[in-house]
Each structure stands twice: as structure tokens, then as C-alpha cells.
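What follows is a short report on a single structure.
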Amino acid sequence: MKNSLRRWSAHLVFLCSLLLTAFSGHALDINTATAEELQTLKGIGEKRAEAIIAYRSSNGPFTSTEDLIKVPGIGSSIISANSDELEFTHQDQQ
């Protein structure tokens, strides 16, 4: 029962993030996005979302797609598929 509830809750959070991203008309800030938000991007599942967050934690904020492509599992096809959806803010811009 607990596992089913957790799974249902995780799916609900994911769907809400997907809807907010889809209807917000704003790009996703790759430097502050949660794993659930990252998974709304084309070609980004749980493992790649975790890899993005781990890389960001170890190396600091992304400044461009060139930084993002350094993440294992992220290639030019994923960047191209999501180019209109990505935003790279920096600490001094916030």
C-alpha cells in the first residue's frame, strides 16, 4: 500500500511539473530544475535527470549547451530536441 501511494504521488508530481512546464510558456532553467522537471524534456528520463543534477552539483551551474553536453548521456540530439525549452541562468542574474 505504501509503495503504491508513493508511486502514485511521484507520478502526480511528475504530471503537475509537466503541465506547468507545458503551459507556462517559459523555458526550463537547467540550473534550478528538479529531477521531475528535467524529465519533462525530450529524451530525459530519471537516470539522465539525476546525471544532470549530479554534474551541476559537482561542477557548478551550466552556462551554455556546451556545458550541458559534458554530462554523460547528453548528446547533441537531446540538446537540439530541447533547445527552445532550455534556459541557463546564473546566480548573479537572479
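Before moving on, here are some points about what is shown:
- Hey, I52 of a type in the set (V, I, T), out of contact with any Pro (no Cβ under 9 Å at 6 or more places or on another chain), at pLDDT 75 or above and part of a helix (DSSP H, G or I) or not: yes
- Single unsatisfied condition, S57 versus (1) in a helix (DSSP H, G or I); (2) surrounded by 11 or more Cβ atoms within 10 Å (Cβ to Cβ): (2)
The values are calculated or read from the model by the stated rules, or taken from the named source; none is laboratory data. What you see is a predicted model; the values in this text were computed from it and never measured. Because the Cβ atoms are built from the backbone with ideal geometry, glycine has one as well, and the counts that use them run over all protein chains shown.
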